[in-house]
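Chemist: Before anything else, here's the structure in question.
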Amino acid sequence: MLTGIQIVLAGGDARQLEVIQRLTELDASVTIAGFDRLDTPFSGVIKAEWTPEILKQADALILPAVGTDDEGLITALFTDQELKLTDAHLAGIPKTCKVITGMAKSYLRKMCEKYHLELVELFERDDVAIYNSIPTAEGALMMAIQNTDITIHGSNCIVLGLGRTGFTMARTLQALGARVKVGVRRDEAFARAFEMGFEPFYMPELARQAGNIDLIFNTIPTMIVTAQVIAQLPLRACIIDLASKPGGTDFRFAEKRGIKAMLAPGLPGIVAPKTAGRIIANSLTQIILEDNRLRGNGP
């Protein structure tokens, strides 16, 4: 249980509603800012203005999936007011307070370093990334179906990267009857792809592999689907880039050539916010519970 733990949750989207629900179930003391347009009632939760005062006793500050932008602004869909993380907010925060977000940009990193606060990025955790790969794969399939005139079954697909998202994406396509090639960099990934029944190839061979492909799913956040690769694709091909912005695709050249190419980061929060919220909630509550035990405040 989180009885006596003071948690401040600032901004966010529908995923945060699951986080709030889970925290209240565990008896945490929860203060939320940036939710003045939220009609959903949460028993015992305090709605407050985004001021430095609400952080004075905080054990954890929970920010949205992307903590802040490069100017310190916090995404907040349930308010018309601007939320910004400033020096005034962090100057008086307890040094034991954890700042928890999905992923942090340089502004948030620098602010936490400046005030010697522990920054926890949930999306860097293997368990969260693997759980999130499920709605990511489902969302990518939805986009593929909407933007092609063929079935996934029998299609020729390439998945670039056999990491946590790529693994789930390739397996899902294979289960639907697609012919799946997997682009990898490492020998062990090549061997694993072969063992799983995919057709592996090394990344330098990508342009040569692209000649008869219907769908490319990229998970690598560096320029990998270059103009040279796109030039080899048939015009019917569709590229779905699942990497974080700016992705790994030459979108300008794809548009020039008339090939559909879409950047689709953050699919869990778009296609399955309830599930994505539960994933975040379960992970961050484990972190807070463990921290509470280490301080000797729990069983």
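The values are calculated or read from the model by the stated rules, or taken from the named source; none is laboratory data. Note that the structure is a prediction, hence the values are computed from the model and not measured. With ideal geometry, Cβ positions are generated from the backbone for all residues, glycine too; neighbour counts draw on all protein chains shown. Surface accessibility is based on the protein's heavy atoms, side chains included, excluding ligands, DNA and RNA. Shrake-Rupley method; radii C 1.70, N 1.55, O 1.52, S 1.80 Å.
Chemist: Using a 1.4 Å probe on the protein heavy atoms, what percent of the accessible area of the chain belongs to carbon and sulfur?
Modeler: Using a 1.4 Å probe with all protein chains present, the chain comes out at 52 percent carbon and sulfur.
Chemist: Before rounding to the nearest 500, sum -39500 (n - 2.57) across all DSSP H runs of length at least 4 in the chain and divide by the residue total; then give [θ] at 222 nm in deg cm²/dmol.
Modeler: So the calculated ellipticity at 222 nm is -11000 deg cm²/dmol.
Chemist: Right, another one. Lysine pairs, Cα distance under 19 Å, 8 or more residues apart or cross-chain: how many in the chain?
Modeler: 17
Chemist: Among Met169, Val184, Ala261, pick out the residue whose Cα is farthest towards the positive end of the charge dipole of region 127-265, where Lys and Arg carry +1 and Asp and Glu carry -1 on C-beta, about the Cα centre.
Modeler: Of the listed residues, the answer is Ala261.
Chemist: OK, next. Quick check for you: with a 1.4 Å probe and neighbouring chains kept, what is the accessible area per residue of the chain, in Å²?
Modeler: Ligands and nucleic acids excluded, the result is 48 Å² per residue.
Chemist: Please give the solvent-accessible surface of Ser29 in Å², to the nearest 10, using a probe radius of 1.4 Å with every protein chain present.
Modeler: 40
Chemist: About the Cα centre of the chain, how large is the charge dipole given +1 on each Lys and Arg Cβ and -1 on each Asp and Glu Cβ? Please answer in debye to the nearest 20.
Modeler: That gives a dipole near 620 debye.
Chemist: If you don't mind, there's one more thing I want to ask. Give me the accessible area of Tyr202, 1.4 Å probe, in Å² rounded to the nearest 10.
Modeler: Accessible surface of Tyr202 is approximately 70 Å².
Chemist: Tell me, what is the FRET efficiency for Gln228 and Met196 to the nearest 0.05, using R0 = 25 angstrom and their Cβ-Cβ distance as r?
Modeler: According to the calculation, E is roughly 0.35.
Chemist: OK, next. Please find, in a Gaussian network model of the chain (springs between Cα atoms separated by less than 10 Å), the residue of Thr51, Thr249, Thr68 whose mean-square fluctuation is greatest.
Modeler: Checking each option, the largest mean-square fluctuation is seen for Thr51.
Chemist: What ranking of Asp27, Asp80 comes out by heavy-atom accessible area, probe 1.4 Å, highest first?
Modeler: Of Asp27, Asp80, the descending order of accessible area is Asp80, Asp27.
Chemist: Show Glu118, Glu205 ordered by accessible area, largest first, where the area counts protein heavy atoms only and the probe is 1.4 Å.
Modeler: Glu118, Glu205
Chemist: Which residue, Val225, Asn282, Gly247, has the largest displacement toward the positive end of the dipole of region 198-299 when charges sit on each Cβ (Lys, Arg +1; Asp, Glu -1)?
Modeler: Asn282
Chemist: Still on this structure, please answer the following. Can you grab the distance from the C-alpha centre of region 92-157 to the C-alpha centre of region 33-67, Å, no decimals?
Modeler: If we compute the Cα centre of each part, the gap is 21 Å.
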